[in-house]
């Protein structure tokens, strides 16, 4: 399988039109990108219009008509898809999603595009940890646990599985000693160890307990943790790695998937069909999917950007960030695009104290990345309260419990996510 080209920041759009038109557009955007970061991986998704029903025919088509060597994700059920074992494959079929990842050369892609009637060709995105927003005070503060009422909730996430798909996890972190943790890496030639820090911070907010001084900083402190490394140690990854992590988490019975990652979306751009297929698959398996709305806005300068990808998918809850005064964060994206591009809910995302890989142990940072695991942890508390619910019922209850704010729903959705507060028995 052709290796993806990665970077540290992206302006990659999701364009499901003709390949030539996409490449022309990308060149124009790339020329304006002062950071000169990669825009897409060089690989493509073939998205079959008939969905899963077309998967078996897709294999035959790619083999007979295109001459591709084809592998199938079914070979990796409940384990990490290992791209290092796909060296001889031109295409990887996601049979449960009705899509294929193609790592062919340009001339082969153009042959595919020329006969595209039953499928859509879309470039594979480069995905990134959202731009980090440094803390101003950088002091221990767990206001997010207080304001969401997680501190006084009678639920702890007991019996609930929460997957955080990010840069991995520092499994040696002493705050998580004795916890039930599963770590898997979807990044070729990298272990699940978090050499970046972002993943460990997000896991702390969603599932941490108390720090060395006994101060609580995590929401679902007794949840079972699934740490999927889908972004490299430099904070970037291929879109397929995120899809692999999503299906892995769903297949392993995770109740919640938290994703503090994304690619930038432009005004008027539609959601990514491959991500939407993966989110629908997760929902069918009983998994709620939650993702960061993105940090590209600069509200103080009257600059607003749309909810990023994959958070803009209809089947994924998009999370905005709030500060401790419950004002929308300056960097938090807003609803601009229709058809799934709305903000669903908001969480604490400014000056958030949480775990960090040793020896630093803790760090305070800001972003919709920090708001997202708060909401994911709260969803975990709801799963503990309502173990027989459907994902749709959990999402509805999250919305019903939310604290309404005097801020437009294009910025914060239904408002601040709140924990179910029942008496501790």
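Please count how many residues of segment 266-287 are in a loop (DSSP other than H, G, I, E, B) and within 27 Å of residue 305 (Cβ to Cβ).
Residues in segment 266-287 being in a loop (DSSP other than H, G, I, E, B) and within 27 Å of residue 305 (Cβ to Cβ): 7 in total.
Can you tell me which residues in segment 160-186 are touching a strand residue (DSSP E or B) at 6+ places or on another chain (Cβ under 8 Å) and not in a strand (DSSP E or B)?
Within segment 160-186, 160, 167, 168, 170, 171, 173, 175, 176, 179, 180, 186 meet the criteria.
Each row is one residue, and each column tells you yes or no for (1) outside any helix (DSSP H, G or I); (2) buried (at least 23 other Cβ atoms within 10 Å of the Cβ); (3) outside the structural domain of residue 370 (by TED's automatic domain parsing).
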{"position": "188", "(1), (2), (3)": "yes, no, no"}
{"position": "195", "(1), (2), (3)": "yes, no, no"}
{"position": "199", "(1), (2), (3)": "no, yes, no"}
{"position": "202", "(1), (2), (3)": "no, yes, no"}
{"position": "206", "(1), (2), (3)": "no, yes, no"}
{"position": "220", "(1), (2), (3)": "yes, yes, no"}
{"position": "227", "(1), (2), (3)": "yes, yes, no"}
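Among the numbered criteria (1) more than 19 Å from the chain's Cα centre (by Cα); (2) in contact (Cβ under 8 Å) with a residue 60 or more places away in the chain; (3) within 30 Å of residue 401 (Cβ to Cβ); (4) assigned to a loop (DSSP other than H, G, I, E, B), which one does residue 151 miss?
(4)
Hey, any hits in segment 293-305 for a residue that's crowded, with 24+ Cβ neighbours inside 10 Å, in the same structural domain as residue 344 (by TED's automatic domain parsing), touching a helix residue (DSSP H, G or I) at 6+ places or on another chain (Cβ under 6 Å) and under 19 Å from residue 81 (Cβ atoms)?
no
Among the residues of segment 337-349, which ones are modelled with pLDDT under 95 and either outside the structural domain of residue 293 (by TED's automatic domain parsing) or in contact with a strand residue (DSSP E or B) (Cβ under 8 Å, 6 or more places away or on another chain) (or both)?
337, 341
Here is a yes/no grid of residues against (1) within 13 Å of residue 148 (Cα to Cα); (2) surrounded by 20 or more Cβ atoms within 10 Å (Cβ to Cβ):
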site: 324; (1), (2): yes, no
site: 351; (1), (2): no, yes
site: 359; (1), (2): no, no
site: 373; (1), (2): yes, yes
site: 378; (1), (2): yes, yes
site: 381; (1), (2): yes, yes
site: 395; (1), (2): no, yes
site: 409; (1), (2): no, no
site: 421; (1), (2): yes, no
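Residues that are over 25 Å from residue 233 (Cβ atoms): which strands (runs of 3 or more DSSP E) entirely in segment 333-412 hold 1 or more of them?
Where strands (runs of 3 or more DSSP E) fall fully within segment 333-412 and carry at least 1 residues being over 25 Å from residue 233 (Cβ atoms), they are 345-348.
Identify, from the list 364, 368, the residue that is surrounded by fewer than 24 Cβ atoms within 10 Å (Cβ to Cβ), in contact with a strand residue (DSSP E or B) (Cβ under 7 Å, 6 or more places away or on another chain) and within 20 Å of residue 148 (Cα to Cα).
364
The values are calculated or read from the model by the stated rules, or taken from the named source; none is laboratory data. Being a predicted model, the structure only gives us computed values, none of them experimental. All Cβ positions, glycine included, derive from the backbone under ideal geometry; neighbour counts span all protein chains shown.
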